[in-house]
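**Student:** I have a structure I would like to understand better, so I am pasting it below and will then ask my questions one at a time.
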Amino acid sequence: MKIQNVSRVVAFLSTLILASAIASNIASADEVPAFSRRLPDSVAAHVSIPDARVLRERLPNCSWGRLLNDPLVADFRENLLGQIRASIDASVRLPDGVSAEDLLNLNVAEITLTVLKPVGGNLPVVFSVNAAGAADTISKLVTESVAASESQGWTKSVVEHAGTSIIVLAGGADAAAGGTSTNNVRAVFQRDSFVVVGNSVDVLKQVLDRWNGSVQGAFAANATLNQVQQVTMQPDREPALFWYLDPVGAAVSLLSQGAASNPTATMALSRLPKLGLTSFRGVGGTIDFATGAHDTVTRIAGIVKQPVSGAMALVQFPPASLTPPKWVPNDVDSCMLINWDAQTAYAGAEAMADEFLGPGGLANALKILSTKTEPPIHIKNDILDGLTGEIMILQGKSGATVTGKRATLLAVSLKDSSKFEGIIRQLIDQPGSKAGSRTVGATTVAVFDGKKSSTYLAVAHGSLLVSNDTFLLDKVINAAGGDHLVESAHYRQLSASVPATKSLFAIQRPVNQLEVAYGILKQGGVAVPAGIDLKLLPTFDRIQHHFLPTATWAAPTADGFQYVSFSLPPTE
């Protein structure tokens, strides 16, 4: 499949919008129909900034905006903006009377980027921007962009539709043949305050046919989209950004087009329902800043038709009262708890495996596999059936003698600790075992040394503990003393905004993790465009207060699931 070439206007305007978010002030929004009311209902992926001016208003009031406006970052910020200005001057043929600075201060409202489901082996893409108070500048920019394309050998034509002129640019083989609808097309039109760019004339015609905002047959009327918006949007507040994705629908559309001539596509299409994938209708979410209650908040909703089977059964997480155990130390960087339905997951895996192996295929395979391990361990009978379903993942700093590694510990709650203690003892004591052992208090730890790292297994606090770090593991096992996460002030503050029952719950303090990434960035470990001087960035300890503790929770809904991640405003 070819993703057709959309005009340079898309990349150019997108860069300007992001740059202007840190460079200028805004005006008030105008009431116009959301662009989703103008799109056909065949969307595979959609990203929308409902009003870029509102985004630019909120961004300075959140932690990331405060970081960008921190006097300590001023030199780097000016360096970055200077490079953006220089890039505009060097790569864009600006209209007379329009400067790079003018473009950085564009007053634009709604921005959307949409990928539609495949048509004829191609992937239609539509980019739109409500030019609002910058209509004249945007119009001049489009005119110059079209002229630049013509000078590079693209052939220009005009198609009239619904009282609007669509400028069509055809290149390569298209230009030689005089065509306008194959793989190398750019099309753009301007109507009211909007500029709309795409790679399919037919799709732009469909947009124009819905220009009055009637939702019949439009993306805005899509039932899955509406379900996502009901969960993720606030009734009295537009988000800073909204996104939507229908990967299974896009795959079905693509396979359906090839099914008539391609047996493999036909087979894959028939397998999707049996694998349970067609029950996943779509997913989307919002991001917002400076809401008052939150510094930053992300909401995601997935729509899943019940009952689930196959692959979707693998990821079922029933709600529970998830709270970090008292033995979790307070100095961990992150703590995530998940309540997993292991039995439903096994049933889903069994149904999928039996599709390929025949009835009883997975059960027979696990039985044979258990005879090849020493000691014999049956994955379902000895492992899965012994789990309560509650899983916890901790991350933190490694011990002082270890560098370049994040300490991670997996804790799996057990129904019968003594059974798993016996399995660990057998792993250590069996003849020819490569497992070593160490003792922490009254707890035996199995040690599996690898070429670059080691893995440690133990049973403590009613859980199977698996870690790559002895410092964190020992601290968890010896948890009687010291500070504990559930007693910390930031835990109490964040957990107060989390429902009592949830399927997933996490607390994260990103400072330590970001410090490592920041160090790599500042030392030149990440490629950046020439001219951007990372040495102008301050040392991390001077800006780390901008990175706030975050909480995340997820829970089932009647139609699927919801996921929320947020940080609280800083205490001034």
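**Student:** Quick one: which residue in Leu387, Leu357 is farther than 22 Å from Ser279 by Cβ and in contact with a strand residue (DSSP E or B) (Cβ under 7 Å, 6 or more places away or on another chain)? Write out each step before concluding.
**Tutor:** Numbers: Leu357 fails: in contact with a strand residue (DSSP E or B) (Cβ under 7 Å, 6 or more places away or on another chain).
Being farther than 22 Å from Ser279 by Cβ and in contact with a strand residue (DSSP E or B) (Cβ under 7 Å, 6 or more places away or on another chain) holds for just one of Leu387, Leu357, which is Leu387.
**Student:** Can you tell which of Val466, Val459, Val476 is at pLDDT 90 or above, out of contact with any Lys or Arg (no Cβ under 8 Å at 6 or more places or on another chain), assigned to a helix (DSSP H, G or I) and among the β-branched types (Val, Ile, Thr)?
**Tutor:** On inspection, the qualifying residue turns out to be Val476.
**Student:** Let me ask something additional. Could you please let me know if Ile138 is surrounded by 14 or more Cβ atoms within 10 Å (Cβ to Cβ), modelled with pLDDT of 90 or more and not charged (D, E, K, R)? Show your work before the answer.
**Tutor:** Values: surrounded by 14 or more Cβ atoms within 10 Å (Cβ to Cβ): yes; modelled with pLDDT of 90 or more: no; not charged (D, E, K, R): yes.
No; evaluated as a whole, the condition is false for this residue.
**Student:** Ok, one more. Assess whether Phe289 counts as being of a type outside the set (Lys, Arg) and in contact with a Cys (Cβ under 9 Å, 6 or more places away or on another chain).
**Tutor:** yes
**Student:** Can you confirm whether Val231 is under 27 Å from Leu357 (Cα atoms), in contact (Cβ under 8 Å) with a residue 24 or more places away in the chain and either outside any helix (DSSP H, G or I) or touching a strand residue (DSSP E or B) at 6+ places or on another chain (Cβ under 7 Å) (or both)?
**Tutor:** no
**Student:** Same structure again: Residue by residue through segment 297-320, note down the ones that are modelled with pLDDT under 95 and of a type in the set (Ser, Thr, Tyr).
**Tutor:** The answer is Ser309, and nothing else.
**Student:** So which residues in segment 469-492 are touching a Ser or Thr at 6+ places or on another chain (Cβ under 9 Å) and touching a residue at least 60 places away in the same chain (Cβ under 8 Å)?
**Tutor:** Asp469, Thr470, Phe471, Leu472, Leu473, Val476, Val486, listed by residue number.
**Student:** To continue, here is another question. Any idea which of (1) in contact (Cβ under 8 Å) with a residue 40 or more places away in the chain; (2) out of contact with any Asp or Glu (no Cβ under 8 Å at 6 or more places or on another chain) is the one Gly396 doesn't satisfy?
**Tutor:** (2)
**Student:** Can you find a residue in segment 391-403 that is modelled with pLDDT of 90 or more and either farther than 30 Å from Gly519 by Cβ or of a type in the set (Asp, Glu) (or both)?
**Tutor:** Yes, some residue in segment 391-403 is modelled with pLDDT of 90 or more and either farther than 30 Å from Gly519 by Cβ or of a type in the set (Asp, Glu) (or both).
The values are calculated or read from the model by the stated rules, or taken from the named source; none is laboratory data. None of the values given here were measured: they were computed from a predicted structure. Neighbour counts run over all protein chains shown; Cβ positions are idealised from the backbone, glycine included.
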